Each structure stands twice: as C-alpha cells, then as structure tokens.
Amino acid sequence: MPIQVDIQNGNVSGGTLTRGCSFEWYNPTSSDVALTGCGGFCTQSNFLVYSTSSTAAQIQSNPPGPFNFTDPAWTAPGMPHISNPPSEEEAA
C-alpha cells in the first residue's frame, strides 16, 4: 500500500513520510477537491484530487515547510497540516 495523506484530516497511512518520498493525496469525499498552497513542502504547489481516489505527489528533498495546505473540504479544526511530516533529524 502506498503512503497516503487523507485530505480530510491530514492523517498519514501506509508508512512514514520522509524527505524526497512519494506519497498520494487521498480524497475519501464524494466531491473533487483542489488542494493549493502545497509548494512549501511538495514538488508541486497545487493538486486536483478526484472524489474517492488519490493523486500522486512528492515531498521536496529539503522542504522548508511548514507542512500545511489549503483544502476547501477540511473537516478538522484549525489549518490543514499533515499529521506526521518528515522531521528535521532526517536531514542528515
């Protein structure tokens, strides 16, 4: 199973995100969602994630962060953030 980040809550499943790794944005909702503001940590700034599907993405090799993004479908309180982003210790 690939590493996936749920766009509704930022939870990561299928593994641990690391610098430079590939992952999938997963959209469990019944609506297509346009993610924006991902350029602080992804190799792309924007993603279209179709309903009940996933879209490929990649973490930058040296992301400046923060690991937040804009998602109109966000259901958790506060700004959307990935729940376990790569740590600073991995930079070595």
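Scanning the stretch 33-64 for residues that are surrounded by fewer than 14 Cβ atoms within 10 Å (Cβ to Cβ), under 13 Å from the mean Cα position of the chain (by Cα) and assigned to a loop (DSSP other than H, G, I, E, B) yields a total of 3.
Pairs are defined by a Cβ separation below 6 Å, a sequence spacing of at least 6 or placement on different chains, a first member in the stretch 49-73 that is of a type in the set (D, E, K, R), and a second member that is modelled with pLDDT under 90; the pairs so defined are D71/P80.
With respect to T75, determine if the residue is in a strand (DSSP E or B) and among the polar types (S, T, N, Q). Criteria not met by T75.
Condition check: more than 14 Å from I7 (Cα to Cα), without any contact (Cβ under 8 Å) to a residue 24 or more places away in the chain and not hydroxyl-bearing (S, T, Y). Does G39 satisfy that? Criteria met by G39. With the structure loaded, tell me whether S31 is touching a residue at least 12 places away in the same chain (Cβ under 8 Å) and of a type in the set (G, A, S) or whether it fails that test. So S31 fits the description; yes.
The values are calculated or read from the model by the stated rules, or taken from the named source; none is laboratory data. It should be emphasised that the depicted structure is a prediction, and the values quoted were computed from it without experimental measurement. Don't worry about glycine lacking a Cβ; one is built from the backbone with ideal geometry, like all the others, and counts go over all protein chains shown.
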